[in-house]
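A short write-up of the structure that comes next.
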Amino acid sequence: MTDSTPTAIAATLHHRNAAVTAFNKVRAQYEITVLDHVSARIRAAFPDTTHLTFVHYSRSRELDLRGFFATGPDGAQRQILDATAGTPALDLDELADDLTEALADLNSAAWSAVRPESVGEGQWVLDLPQYDRAGRIAELARAHHPHAILLTVDFTDDPAQILDLASADIAQSGDTLAEPIQSLPHRPLWPAETERQIAVLAAQIRALPHLRAQYLLPIDSPEGRKAILALPTPTQI
């Protein structure tokens, strides 16, 4: 082994890791893009749909659609379509195939939109992505912190974690920020369900290059495992 061998090995590993990172970004983008495509087709036929249910078969990685649902302002749910009965408005088999592809990898970015069904054993719920992900995050955050401007998000683990929140300092003029509020075990920023929804949407923003460039600023590395998420102003939503 020559003196240059360790350097060559280190360079090779660096390039390999960079290639893996780039591949994972492209794959995540594709998975979320397929999810958006499926959601757009469903909403074109059934505009009020907020989520769907399905059964996932872990061995084959295939799925069967069960139903489309709408959630009202009061939280009440109503079934829009029994997918097992079929509909002439959509090719449900094709939708199931597209979702199967998006969710084929158990680490797929599209799984961020999925949660267990609380009543049907073995069933899952897929929340259709919001049209304006950043705007929805801003609404969720400002329901608890009305002047929120920035979130610090840690994408190291899945789900992502909101580390802190910065708000406009309304006691000062100009663009002054108040001291950030940290998320602590004994003092969370908001309820657990709000945290879940924000983490899901933030992960989807990170997977889509045009949204990532618009709303996320990496603060630790080019990979952006930690990033500042800039919330749109109320006039932009």
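Bear in mind that the values in this text are calculations on the coordinates, not laboratory data. This is a predicted model, so every value here is computed, not measured. So basically every Cβ, Gly included, is an ideal-geometry build from the backbone, and we count neighbours across all protein chains shown.
For the reader, a short list of remarks on this structure follows.
- Net length gained if the chain between GLN79 and ASP157 were fully extended (0.36 nm per residue, minus Cα distance): 24.7 nm
- Percent RCO, i.e. relative contact order, over region 16-88, from Cα pairs under 8 Å lying at least 6 residues apart: 19
- Taking amide H positions as modeled 1.01 Å from N, with prolines and chain starts lacking one, the residues under 5 Å from ASP169 and 5 or more places away or on another chain are THR176, LEU177, ALA178.
- Phi angles of region 71-76 translate, via the Karplus equation with coefficients 6.51, -1.76, 1.60 and θ = phi - 60°, into HN-Hα couplings of 10, x, x, 8, x, 6 Hz per residue; Gly and Pro are given as x.
- Shape of region 27-127, Cα gyration tensor, a/c cut at 1.5: rounded
- GNM flexibility winner over the chain from SER112, SER167, SER60 (Cα, springs under 10 Å): SER60
- Taking label points 7 Å from Cα along the Cα-to-Cβ direction, ASP64 and ALA104 give a separation of 2.2 nm.
- Here Cα extents along the principal axes in Å was computed from the coordinates, and among [x] 64, 64, 33; [y] 68, 37, 35; [z] 45, 45, 37 the match is [x].
- Longest segment of the chain lacking trypsin sites (Lys or Arg not before Pro) that sit in a DSSP loop with at most 14 other Cβ atoms within 10 Å: 62-237
- Our helix-only sum for the chain, with -39,500 (n - 2.57) per DSSP H run of n ≥ 4 divided by its residues, gives a mean residue ellipticity at 222 nm of -12000 deg cm²/dmol.
- Close amide-amide hydrogen proximity is noted between ILE80 and PHE68, PHE69, ALA70, each under 5 Å apart and 5 or more residues distant or on a separate chain (H modeled in the peptide plane; Pro and chain starts excluded).
- When you restrict to C-alpha pairs under 8 Å that are six or more residues apart and normalise by the size of the chain, the relative contact order lands at 18 percent.
- With the simple spin-label model, which puts each label point 7 Å out from Cα in the Cβ direction, the ARG43 to THR5 separation comes to 5.8 nm.
- In this structure, the amide hydrogen of ASP164, modeled 1.01 Å from its nitrogen in the peptide plane, lies closer than 5 angstrom to those of THR152, SER183, counting only residues at least 5 positions away or on a different chain.
- Among the GluC sites (Glu not before Pro) found in region 76-164, those both in a DSSP coil and sparsely packed, with 10 or fewer other Cβ atoms within 10 Å of their Cβ, are GLU121.
- As a length-normalised measure over Cα pairs under 8 Å and 6 or more apart, the relative contact order of region 133-236 settles at 34 percent.
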